[in-house]
Amino acid sequence: MKKPIFPAVLLLSVLALLPATTLALNPIIQTMYTADPAPIVHNGTLYVFSGHDEDVGEKGNFNMKNWVVSTTTDMVNWTQHGAIASLRDLPWAAKEISGWHGFDNGAWALQVIERDGKWYLYAPVQGRGIGVLVADNPLGPYTSPLKKPLIAAEHDSIDPTVYIDDKGQAYLAWGNPNLWSVKLNKDMISYDTSVGENGLIRHPMTIKALGERIPADAKRGTSYEEGPWLYKRNERYYLFFAAGPLPEPLGYSTGPTPQGPWTYGGPVMAPQSAFTNHPGVVDYKGKTYLFYHNAALPGGDGFKRSVCVDELKFNPDGTVPMVQPTKEGPAPVGTLNPYKRVEAETIAWSSGVKIEPSSAGGQNLRDIHDKAYIQVRNVDFGATGARAFMASLSSAAKAKEASGAKIEIRLGKLDGQLIGTLPVSGTGGEWQQQLAQISGASGVHDLFFLFRGAAGEELFKFDYWQFSQRALPADKTAD
Ligand code: FUB
């Protein structure tokens, strides 16, 4: 895309300024800026890989160093797994190229796919080509099987989308301003070079295939801009894409194969608050979802974007009606069981918290200050209800001494029914399970953890939590 000049926007602790009673659940991640969503379903879990716009960086430019992933099983609560790969995993990307940014920037739009138990992550490094990383697990670690880009820089090489058809043939498509594709070999890290230009197919950029650009642009003959996404439904292939001119609407074309020939179908989403957008379409639990990004989080702009999701419906003839973005996001497709360990970074909405890799493994919440909170949706306490609560916390205060901080546990809304309070004890920086009595929690509710303590202080870190239907023994009651 062409780079517009945007005014600098300050990002401080603006997430904490969100209205306390908000129920808006788009964008789906509030602890960081995310962009270029790439959803995939595996073993009943929906993974959304994405880029990550840094809070702080060069003004008027993308600042992207790594790729992150979040998962859900209910479409409303997202478990954040943090960064799963970074530019440093692509050794060839470390090469300085005149006119481009150093090797610590340029982690643009990726897509990840699973084949025969291995995970393949395709990602461009701005100006340096498209690379591939491989892992045994969706959360990594990812390593580079190649010492060079899979697709060299000179082929408009950004924004890869990958698709494996019913016969096991894999395809990779990408490009800005042109649309290209290759047939990947079974190893997923090389491609069939017997066709096209040494294996590369340059797709015809015609108005019939990719829509008319209005107003016309001498350099770009069609509405196609970037961000292709391959998807199949009822024997028809769909190519969703970010269209132009900027700010980008989303559009789509259809065709009989993953390499077309494409026929333009129309627009799918009007331009949003960021000057880019990027589609990711996936079927999950009987519905189809469109992931996209905007600039809706506080402090957001074209370089501080946020991934959102809404349901995408099809007309009976397979054409795609416009998707209206919502603040509420899709309806839940499951409930959350509070009687099993739940990671604190499993969140429907949050205000004023961040995540970090935990010394106990996985991620934990950090930056918890007075009045910060997290909301978890559709929590099923059952008919019997909860009697006790446990949270794994780490507080810098001296072990066993009161830290002065507490967690208020409430139902329905931030100032809703108080079902328990956990006064946080110091742990001397270690992780420790702390307990609270609970009363009045039965049935299905949204759950709020409201963090209270001295103003301006980082109160504690929060790793995971779990409710119990058994009451605490008398000597363990904390409140
Ligand atoms: O995120 C960086 C670039 O912006 C992506 O590669 C494009 O798709 C656009 O979203």
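The values are calculated or read from the model by the stated rules, or taken from the named source; none is laboratory data. Everything quoted here is computed from the prediction, not taken from an experiment. Cβ: placed from backbone, ideal geometry, glycine included. Neighbour counts: every protein chain shown. Each accessible area value is taken on the protein alone, full model and side chains, heavy atoms only, with ligands, DNA and RNA left out. Shrake-Rupley method; radii C 1.70, N 1.55, O 1.52, S 1.80 Å.
Taking every alpha-carbon pair under 8 Å whose residues sit at least 6 apart, the chain reaches a relative contact order of 14 percent.
Rounded to the nearest 0.05, what FRET efficiency do Arg88 and Arg233 have when you use their Cβ-Cβ distance and R0 = 45 Å? About 0.75, to the nearest 0.05. Distance between Cα centroids, segment 152-176 to segment 325-399: provide it in whole Å. Distance between centres, Cα-based: 37 Å.
Based on protein heavy atoms only, segment 50-201 ends up with 39 Å² per residue of surface accessible to a 1.4 Å probe.
For the pair Val444 and Ala270, the difference between a 0.36 nm per residue extended length and the Cα-Cα distance amounts to 59.1 nm. Note on Thr143 and Ala402: their simple-model spin labels are 5.3 nm apart, each label 7 Å out from Cα toward Cβ. With R₀ set to 41 Å, the beta-carbon distance separating Ala455 from Lys313 gives a calculated FRET efficiency near 0.30.
Based on the alpha-carbon gyration tensor of segment 254-357 and its eigenvalue square roots a ≥ b ≥ c, which shape applies: rounded if a/c is under 1.5, prolate if not and a/b is larger than b/c, or oblate? Display every interim value, and only then the final one.
Working: a/c = 2.37, a/b = 1.48, b/c = 1.60.
Oblate, since a/c reaches 1.5 and b/c is not below a/b.
Computed over the chain, the per-residue total of -39500 (n - 2.57) for DSSP H runs of n ≥ 4 gives a 222 nm mean residue ellipticity of 0 deg cm²/dmol, rounded to 500.
So what's the convex hull volume per residue for the Cα atoms of segment 26-311, in Å³? Intermediate results must be reported in sequence, preceding the final value.
Values: hull volume 36.5 nm³, N = 286.
Normalising the Cα hull of segment 26-311 by residue number yields 128 Å³.
Rounded to whole numbers, the Karplus 3J(HN,Hα) couplings from phi for segment 332-340 are x, 10, x, 10, 10, 8, x, 8, 10 Hz, using 6.51 cos²θ - 1.76 cosθ + 1.60 with θ = phi - 60°, and x at Gly and Pro.
Can you pull out the trypsin sites (Lys or Arg not before Pro) in segment 433-479 whose DSSP state is coil and whose Cβ has at most 13 other Cβ atoms within 10 Å? Could the numbers behind the result be given before it?
Details: sites: Arg452, Lys461, Arg470, Lys476; in loops: Arg470.
Counting only loop positions with at most 13 other Cβ atoms within 10 Å, the trypsin sites (Lys or Arg not before Pro) in segment 433-479 are Arg470.
For segment 153-191, list residues with backbone N below 12 Å from a point placed 7 Å from the Cα of Ala218 toward its Cβ? Under cut-off, by backbone N: nothing. Per-atom-type breakdown for the chain gives carbon and sulfur 52% of the accessible area (1.4 Å probe, protein chains only).
Each distinct pair of alpha carbons in the chain adds a 1/r term; the inverse of their mean, the Kirkwood radius, is 23.4 Å. Among the GluC sites (Glu not before Pro) found in segment 397-479, those both in a DSSP coil and sparsely packed, with 12 or fewer other Cβ atoms within 10 Å of their Cβ, are Glu401, Glu430.
What is the extension gain from Asp166 to His42, computed as 0.36 nm multiplied by their sequence separation minus the C-alpha to C-alpha distance, in nm to one decimal?
On the way: separation 124, 0.36 × 124 = 44.64 nm, distance 1.65 nm.
Contour length minus Cα-Cα distance gives 43.0 nm.
Only sites in a loop by DSSP and with at most 10 other Cβ atoms within 10 Å count here; which GluC sites (Glu not before Pro) in segment 136-223 make the cut? Qualifying residues, ordered by number: Glu154. Site pair Lys340 and Asp136 shows an inter-label distance of 2.4 nm when each label is modelled 7 Å from Cα along Cα→Cβ. If each residue of separation counts as 0.36 nm, what is the full-extension length gain between Gln417 and Lys287 once their alpha-carbon separation is subtracted? Gain on stretching Gln417 to Lys287: 43.5 nm.
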